[in-house]
Amino acid sequence: MSMIDLQNLSVAHRQGYEQRTVVHDVSLQVTAGECFGLVGPSGCGKSSLLWVMAGLNPSWQGTMTLAGHQATPGKPFTGQLRQDVQMVFQDPYASLHPRHRLKRTLAEPLKMLKVRDINERIEQGFRHVGLDPALADRYPHQLSGGQQQRIGVARALAADPEVLLMDEPFGALDPVTRATLQQEIARIHRLSGKTIVLVTHDIDEALALADRLVLMDGGKVVQQGTPTALLTKPVNDFVRRFFGQSEWGIRLLSLGLVGEAARRGEWLEEESIAETLTLREALSLFIARGTDRLAVRDRNQQPLGVLHFADLLRQRQQ
């Protein structure tokens with residue numbers, strides 16, 4: 001089932017007395033429950049497209065259906081459409097008032113949406129992002145940057161939307177916090193089944209999180225498909241350059257999981273690695289441990305098999 005359907009959509013920005021088109025005739029569909037990535041160089045139109053999907057820019061033309069609701073150019077989102085589509089911004093302070101306790105910040109949009117079980121929704125939102133609901137009585141400045149960004153996600157999830165839009169949500173965070181929150185979003189997506197549209201300039205982030213990608217340039221769609229398809233079957237040199245042709249093999253390894261490549265029926269009496277690691281992460285462990293074989297455990301911490309260094313080469317060739 002299609003959760004988002006854009007047909008021949010164009011977006012304009014006003015510059016002085018003139019309108020400048022920044023997105024040209026884009027058509028795409030996002031299936032319910034998938035994580036969909038919008039990538040491309042700065043100024044390619046990916047954030048402009050996302051803001052239209054969020055109802056924050058009415059200057060568009062074309063056809064747009066979100067969560068079964070037909071949107072109308074020039075009109076703000078209201079009612080159920082407003083509730084079904086929620087946005088997470090790069091700057092958490094875009095949705096966190098510095099002088100309001102977090103509980104009030106999360107409650108205000110729910111009141112506008114006439115949600116009844118507000119306290120329950122807020123508590124659930126905190127738990128969704130791995131935070132103690134007791135933090136609801138704190139102010140934004142009392143939290144770390146990673147916690148603030150989690151609150152931004154919790155605020156969006158509290159409305160129980162059908163679609164979660166994320167505009168460079170981890171761009172301002174340090175690498176360690178960023179990696180942790182990427183894992184958190186993957187967990188939320190897996191458990192909630194929400195449809196997520198993620199705008200990012202981080203290629204590795206897009207490859208790690210997205211089920212499908214759209215690569216844009218100059219306001220137009222250059223190629224769309226699975227991460228594997230864009231890496232292995234680029235339609236032109238721009239796609240090859242964007243995904244880093246020299247790093248193609250390494251990035252392809254990031255799409256495979258250790259558990260999928262491990263050889264069953266084998267075992268080593270040594271420290272094992274999780275089946276959920278990517279083959280790219282396993283490559284680092286091969287080098288760090290100076291070995292050509294790694295024991296692999298399953299999700300229940302039981303022996304699963306052995307990953308051989310040669311298996312990485314086999315994965316690249318498939």
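Pick the calculated Cα Rg over 2.2 N^0.38 Å for this structure from (1) 1.02; (2) 1.09; (3) 1.49?
(2)
What are the ³J(HN,Hα) couplings of region 82-94, residue after residue, when phi is run through the Karplus curve with 6.51, -1.76, 1.60 and θ = phi - 60°? Round to Hz, x for glycine and proline.
Computed from phi, the couplings for region 82-94 are 4, 6, 6, 10, 10, 10, 10, 8, 5, 8, x, 6, 5 Hz.
For residue 75, give me every one of the lysines with a C-alpha distance below 29 angstrom, ignoring sequence neighbours fewer than eight places off in its own chain.
46, 111, 114, 194, 220
Charges on Cβ only, +1 for Lys and Arg, -1 for Asp and Glu, centred on the Cα centroid of region 1-76; of 2, 64, 32, which one is farthest towards the dipole's positive end?
Farthest towards the positive end: 64.
Could you please state how large a percent of the accessible area of region 1-160 is carbon and sulfur, counting protein chains only and using a 1.4 Å probe?
Numbers: 3600 of 7930 Å².
Taking all protein chains in place, region 1-160 shows 45 percent carbon and sulfur surface.
Would you please give the residues with an amide H less than 5 Å from that of residue 31, counting only those at least 5 places away or on a separate chain, with H modeled from the backbone geometry?
3
Take each uninterrupted DSSP H stretch in the chain, measure its Cα extent along the helix axis, and return the ones at 18 Å or beyond whose mean Kyte-Doolittle hydropathy is at least -0.5. Write down the numbers at each step before the final one.
Details: long enough: 145-158 (20 Å, -0.20); 175-192 (25 Å, -0.37).
In the chain, the long hydrophobic H runs are 145-158, 175-192.
Taking the Cα centre of region 247-318 as origin, sum charge times position over the Cβ atoms of Lys and Arg (+1) and Asp and Glu (-1), and report the length of that vector in debye to the nearest 20. Write down the numbers at each step before the final one.
Values: 10 positive and 11 negative charges, 45 e Å.
It comes to approximately 220 debye.
Over region 142-228, what is the mean sequence separation of C-alpha contacts under 8 Å (at least six apart), divided by residue count, expressed as relative contact order in percent?
Numbers: 73 pairs, mean separation 20.8, N = 87.
It comes to 24 percent, rounded to a whole number.
Rounded, prolate or oblate: which fits region 218-262, taking a ≥ b ≥ c as square roots of the Cα gyration tensor eigenvalues, rounded meaning a/c under 1.5, else prolate when a/b beats b/c? Let's see the in-between values first.
Working: a/c = 3.25, a/b = 1.99, b/c = 1.63.
Verdict is prolate for region 218-262.
Per residue, how much accessible area does region 78-229 show when a 1.4 Å probe rolls over the protein heavy atoms, in square angstrom? Don't skip to the end; give the middle numbers.
Values: 6910 Å² over 152 residues.
In whole numbers, region 78-229 has 45 Å² accessible per residue.
Sort 161-167, 224-230, 297-303 by packing, meaning the average of other beta carbons within 10 Å per residue, with the highest value first. List each step's numbers first, then the result.
Details: 161-167: 22.9, 224-230: 18.0, 297-303: 11.9.
For the peptides 161-167, 224-230, 297-303, the packing ranking is 161-167, 224-230, 297-303.
Please list, ordered by chain and number, the residues whose modelled amide H lies under 5 Å from the amide H of residue 217; skip anything fewer than 5 residues away on the same chain.
Here the answer is 222, since their amide H atoms fall under 5 Å of that of residue 217.
Between residue 285 and residue 137, what FRET efficiency follows from the Cβ-Cβ distance if R0 is 41 Å, with the result rounded to 0.05?
On the way: r = 42 Å, r/R0 = 1.02.
Using R0 = 41 Å, I get an efficiency of 0.45.
With θ set to phi - 60°, apply the Karplus curve 6.51 cos²θ - 1.76 cosθ + 1.60 along region 223-229 and write out the HN-Hα couplings as whole Hz, x wherever there is a Gly or Pro.
Rounded to whole hertz, the list is 7, 9, x, 6, x, 4, 5.
Among rounded, prolate and oblate, which fits region 117-240 when a ≥ b ≥ c are the square roots of the eigenvalues of its C-alpha gyration tensor, a/c under 1.5 means rounded, and a/b larger than b/c means prolate? Mind dumping the intermediate values first?
Numbers: a/c = 2.70, a/b = 2.04, b/c = 1.32.
Taking the square roots of the gyration eigenvalues as a ≥ b ≥ c, region 117-240 is prolate.
Highest first, please rank the peptides 13-23, 137-147 by the mean number of other Cβ atoms sitting within 10 Å of their residues. Walk me through the numbers before you get to the answer.
On the way: 13-23: 12.0, 137-147: 14.8.
Peptide ranking by packing, descending: 137-147, 13-23.
With all protein chains present and a 1.4 Å probe, how do 287, 273 order by accessible area, largest first?
Working: 287 125, 273 5 Å².
Of 287, 273, the descending order of accessible area is 287, 273.
With a point put 7 Å past each Cα toward its Cβ, work out how far residue 190 is from residue 176 in nm, to one decimal.
According to this spin-label approximation, the distance is 2.3 nm.
Can you give the charge dipole size of region 1-125 about its Cα centre, rounded to the nearest 20 debye, using +1 on the beta carbon of Lys and Arg and -1 on the beta carbon of Asp and Glu?
Working: 13 positive and 10 negative charges, 118 e Å.
Magnitude of the dipole: close to 560 debye.
Between residue 304 and residues 5 or more places away or on another chain, which pairs have amide H atoms under 5 Å apart, with H built 1.01 Å from N, and which residues are they?
296, 297, 298
Find how much the distance from residue 127 to residue 220 grows on full extension, using 0.36 nm per residue of separation minus their present alpha carbon separation; answer in nm with one decimal. Spell out each step's value before the answer.
Details: separation 93, 0.36 × 93 = 33.48 nm, distance 3.85 nm.
Additional length available on full extension: 29.6 nm.
In whole Hz, what ³J(HN,Hα) sequence does region 34-42 give by Karplus (6.51, -1.76, 1.60; θ = phi - 60°), x for Gly and Pro?
9, 9, 10, x, 10, 10, x, x, 4
Quick one: if the Förster radius is 51 Å, what FRET efficiency do residue 268 and residue 201 give, using the C-beta to C-beta distance and rounding to 0.05?
Details: r = 40 Å, r/R0 = 0.78.
That gives a FRET efficiency of 0.80.
The values are calculated or read from the model by the stated rules, or taken from the named source; none is laboratory data. Computed from a prediction, not measured in an experiment: that's the story for all the values here. Here the Cβ is made from the backbone with ideal geometry for all residues, glycine too, and neighbour counts use every protein chain on show. Just the protein is used for accessible areas: all its heavy atoms, side chains included, with ligands, DNA and RNA removed. Shrake-Rupley method; radii C 1.70, N 1.55, O 1.52, S 1.80 Å.
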